[in-house]
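Have a look at the structure below, then the notes.
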Amino acid sequence: MTGDRLLTSLEGASWLPPGGRAEAVLAAPNAPVPTPVGLVRLLVDDESGRLFCVPRTGGRPGVDLPTTAVTDGDTAAALDRLTRAVFGQACETTLVGFIRNTVPEGVVYEWPSPVAHFTVHRPASSGVLPAVDGVWLHPVWDVDQLSERHWWPLVAVDHDAAAAMSDDLLIAWGLWLDGVDRDRDRIVSSATDALVLGLDSPGLRELAGLDHAVDWGDVDSLILQAAVELHLPRPTNELALRAELERHARQILRGQETPGALTVWAYRRVGHEGPRELLALVRLDDEYAMLEEVPGYWEIPDRSEQVRALDEVVRSAAAAIVAGETDLSRFMPGRWRDIPRPAASGDA
């Protein structure tokens, strides 16, 4: 799944005027910089995870990420000034995320209103080193010097884990709302795990504290509330299915699962009467089953070669899934292409 992800709502943050609120948002890959922007910051880290920091400006104590203000609404120019000041040369950057401040209309405020963004950017090349004096601090060992900073929620959370956790929530919530799997314990445990990781919202906290006396309708309402608060799409079984599919595909490409794990999942979760665009995965599982279980197939001399060929087809399908391909029909094994599938309920 893709898209910006809310990490946490920073209610009552000290830098906000009365009635204001702030949110820490992890940017989606290749996401554009939001507007308007008040400050841009550079997140420069090394292989050990340490962050490059410089003394704070304005006589304030402590250190901060290298930062500069955006003038005349030109974020690109501000980033160029900042990278040249830090590295001694222009440097391409990618957007890590941002803090979004929202204040009531009419409030006297030094930043754009009612909404202002404070963005954090990482150098696109890991080999670029600062050309100015500063200190390297570790977000775990030096947390006391960093945890009060405006941008802290963006580096305190493992980004890959946050993305995976958002998918966990979408899966549990989608299965619940569509009545596929009304597993209250899964709702509670996924919300609790999300809070431990660093995701946060009022609805998420209530879901983590559910007891068995809560009506299903109230759980439905809390799930929809938390999804809005975390900037997630409305959970559905279809979204849950896609999230599970992408997760298995990524794990195969990383070598964390065998190709057959994806087809077994498809057989159990999709089935022969599931979405047509995913039926190829189910039929690939049938192919594995024929090689493993059908009498006589054990004696085929090239059985291991056939299994390896199937594995390669599934890996190619996994790559297509991660790339965003939704219809996997081109991976259908030849023997099944002209065989009608069983009629599913609702098929025309």
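The values are calculated or read from the model by the stated rules, or taken from the named source; none is laboratory data. Since we're looking at a predicted model, the values are computed, not measured. In this analysis, Cβ positions are derived from the backbone assuming ideal geometry, glycine residues included, and neighbour counts consider all displayed protein chains. The area values use the complete protein model at the heavy-atom level, side chains included, leaving out ligands, DNA and RNA. Shrake-Rupley method; radii C 1.70, N 1.55, O 1.52, S 1.80 Å.
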query = Take the residues of segment 239-294 that are basic (Lys, Arg) and either in a helix (DSSP H, G or I) or open to solvent by less than 10 Å² (accessible area, probe 1.4 Å) (or both): which is modelled with the highest pLDDT?
reply = ARG283
task = Could you tell me whether any residue of segment 122-138 is over 27 Å from PRO29 (Cβ atoms), over 24 Å from the mean Cα position of the chain (by Cα) and among the small types (Gly, Ala, Ser)?
result = yes
request  = Looking only at segment 179-190, decide whether some residue is under 28 Å from VAL143 (Cβ atoms) and in a helix (DSSP H, G or I).
outcome  = yes
key: Cross-chain or 6+ apart pairs with Cβ under 9 Å, segment 240-253 first and farther than 10 Å from VAL322 by Cα and among the β-branched types (Val, Ile, Thr), then outside any helix (DSSP H, G or I) and open to solvent by 40 Å² or more (accessible area, probe 1.4 Å)   = ILE252/THR258
query = Does at least one position in segment 52-62 carry a residue that is farther than 30 Å from VAL322 by Cα, under 26 Å from the mean Cα position of the chain (by Cα) and crowded, with 20+ Cβ neighbours inside 10 Å?
reply = yes
request  = Output the residue which, of all residues in segment 71-87 that are farther than 22 Å from LEU129 by Cα and of a type in the set (Asp, Glu), is modelled with the highest pLDDT.
outcome  = ASP74
request  = Within segment 82-128, track down each residue that is of a type in the set (D, E, K, R) and touching a strand residue (DSSP E or B) at 6+ places or on another chain (Cβ under 6 Å).
outcome  = ARG100, ARG122
query = Which of (1) under 25 Å from ALA13 (Cα atoms); (2) modelled with pLDDT of 95 or more does GLU110 not meet, given it meets every other one?
reply = (2)
ask   = With (1) surrounded by 13 or more Cβ atoms within 10 Å (Cβ to Cβ); (2) free of Cβ contacts under 8 Å to residues at least 12 places away in the same chain; (3) within 26 Å of ARG5 (Cα to Cα) as the list, and PRO114 as the residue in question, which single condition is left unmet?
value = (2)
inquiry  = Would you confirm, using the coordinates I've provided, whether GLY174 is open to solvent by less than 10 Å² (accessible area, probe 1.4 Å) and either charged (D, E, K, R) or farther than 30 Å from ARG122 by Cα (or both)?
reply    = yes
inquiry  = List pairs: first residue in segment 288-306 and more than 23 Å from TYR267 (Cα to Cα), second residue aromatic (Phe, Trp, Tyr) and modelled with pLDDT under 80 anywhere in the structure, Cβ distance under 7 angstrom, at least six positions apart or on different chains.
reply    = none
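For every residue, the table says whether it meets (1) in contact with a helix residue (DSSP H, G or I) (Cβ under 7 Å, 6 or more places away or on another chain); (2) exposed (fewer than 13 other Cβ atoms within 10 Å of the Cβ); (3) not acidic (Asp, Glu).
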residue: ALA22; (1), (2), (3): no, no, yes
residue: VAL25; (1), (2), (3): no, no, yes
residue: VAL37; (1), (2), (3): yes, no, yes
residue: THR67; (1), (2), (3): no, no, yes
residue: THR75; (1), (2), (3): no, no, yes
residue: CYS91; (1), (2), (3): yes, no, yes
residue: ALA124; (1), (2), (3): no, yes, yes
residue: TRP136; (1), (2), (3): no, no, yes
inquiry  = Checking the conditions here, which among ALA348, ALA318 is modelled with pLDDT under 90 and either under 32 Å from the mean Cα position of the chain (by Cα) or among the aliphatic types (A, V, I, L, M) (or both)?
reply    = ALA348
key: Criterion: in contact (Cβ under 8 Å) with a residue 40 or more places away in the chain and either farther than 24 Å from THR35 by Cα or not aliphatic (A, V, I, L, M) (or both) - qualifying residue of ASP211, ASP160, ASP178   = ASP178
